[in-house]
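Throughout, read-outs are computed from the coordinates displayed, never taken from laboratory work. Note that the structure is a prediction, hence the values are computed from the model and not measured. Cβ placement follows ideal geometry from the backbone for every residue including glycine, while neighbour counts extend to all protein chains displayed.
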């Protein structure tokens, strides 16, 4: 008996400290975190979105006719060369030491002015790359909104479970005080008192565990929001839901138009259609012009005396100008049938893309059916929990009256108390699951719809 009282004292003390700490934290917390604010923080802090924005900038930077090969190219090459030779070979035309140097420069240009439409296809590929990066960002934001919504309401869900546990804990303490008074007047016994002390202990443990659940839920949300540390935000919202009728036809229409899986597959199909077009234009010829301008200046010095005059050989200089202009036609007349195979392969890939899209639509439609069925089931469960909790509250009141009249035992009262706890939990869970179910439908179709 003393051990039970000692444990009860320790649990009550710990619980009081936790409540005081929570109250102190609440007083010092200056900010209330709403769903809208959480979304704003997540959009501002999320690193994946920032990376996607940089990828969009990269793709937009690359989206230029310059990267298609359409523009001409001009190159300048220059050199300044020096060579000293000391040749003592009797068979050489020049024997002795001499210098040979040159200064040269060449300007070359090339322009492919016709390539059968390859330039246009390359540009379309670059434009699609920009669209693909923008789609990646939009899909990332879409996923982020779902995660924030669900994790935010998970915090609210855990907090409301705590409120139910605190209500039950209050009932347990009231019953324990009442039982102590009865014992003082000889109307109760140690067995009944021990049962209520055990109930208070069990409720205390549940509250402590639930506080930990709230802490974990908050940390999961803060991680998604990329918040460093543990902010003391207050969560003042409550779990509320009004089951609105769902227009299934509208949802299916939105699903086919806005679902990000289908958008990604359609983007891939567009890229493959360009591959088919590219394979077809590979048969066409290319026409280009190229030209060059060059200048070279050479110098030669033989380090010896002229045998005819006895004077040193002079430094000899010369120069040369060059120029060229060419028209080049390139047309593959026969490649063994490779181009035809490439076209067939690209067209087959297009057909496979369409089958993949149809398969995805069928799968997504089935997923939507499951989500809609689950949503309707959750609506029915919510209606049932309303009746369940009403009965549980009435049962608590009746049980308390019968318990005070000595018609029920402490164990009977605890069983009814647990029934109320389960009913309250079922009510909160039904609201939470309904919110999550509707959010999953909105996420699947690609945007919020009626």
| remark: Neighbour-count ranking for 297, 242, 175 (other C-beta within 10 angstrom, fewest to most) reads 242, 297, 175
| Relative to the first principal axis of the alpha-carbon coordinates of the chain, what is the inclination of helix 118-184, with its axis defined by its Cα atoms, in degrees from 0 to 90 and to the nearest 10? | 20
| So what's the angle, to the nearest 10 degrees on a 0 to 90 scale, between helix 47-62 and the longest Cα principal axis of the chain? | 20
| query | Rounded, prolate or oblate: which fits the chain, taking a ≥ b ≥ c as square roots of the Cα gyration tensor eigenvalues, rounded meaning a/c under 1.5, else prolate when a/b beats b/c? | reply | prolate
| note | Given a Förster distance of 60 Å, the FRET efficiency implied by the Cβ-Cβ spacing of residue 181 and residue 351, rounded to the nearest 0.05, works out to 0.10
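Once a ≥ b ≥ c are taken as the square roots of the eigenvalues of the Cα gyration tensor of region 228-273, is the result rounded (a/c under 1.5), prolate (a/b larger than b/c) or oblate (a/b not larger than b/c)?
Oblate.
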| Where does the chain land at 222 nm, in deg cm²/dmol rounded to the nearest 500, when only DSSP H runs of n ≥ 4 count, each adding -39500 (n - 2.57), divided by all residues? | -23500 deg cm²/dmol
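Quick one: if the Förster radius is 30 Å, what FRET efficiency do residue 282 and residue 134 give, using the C-beta to C-beta distance and rounding to 0.05? Please list the in-between numbers first.
Details: r = 30 Å, r/R0 = 0.99.
For R0 = 30 Å, the calculated efficiency reads 0.50.
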| residue 232 to residue 81: extension gain in nm, 0.36 nm per residue of separation minus the Cα-Cα distance? | 47.0 nm
| Ordered by packing density, taken as the mean number of other Cβ atoms within 10 Å over each peptide's residues, highest first, how do 110-118, 87-95 rank? | 110-118, 87-95
| task | For residue 415 and residue 60, compute 0.36 nm times the residue count separating them, minus their Cα-Cα distance, and round to one decimal in nm. | result | 121.1 nm
| task | Calculate, for residue 422 and residue 267, the FRET efficiency according to 1/(1 + (r/R0)^6) with r their C-beta to C-beta distance and R0 45 Å; round to the nearest 0.05. | result | 0.35
| task | Starting with the highest mean, order 245-257, 424-436 by the number of other Cβ atoms within 10 Å, averaged over the residues of each peptide. | result | 424-436, 245-257
| field | Distance-filtered residues of region 75-100 - backbone nitrogen under 12 Å, label point 7 angstrom along residue 306 Cα→Cβ | value | none
| query | Taking the Cα atoms only, what angle lies between the long axis of helix 35-45 and the longest principal axis of the chain, rounded to 10 degrees? | reply | 30
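How much length is gained if the chain between residue 402 and residue 360 is pulled fully straight, taking 0.36 nm per residue apart and subtracting their Cα-Cα distance, in nm to one decimal?
Length difference between fully extended and current span is 9.0 nm.
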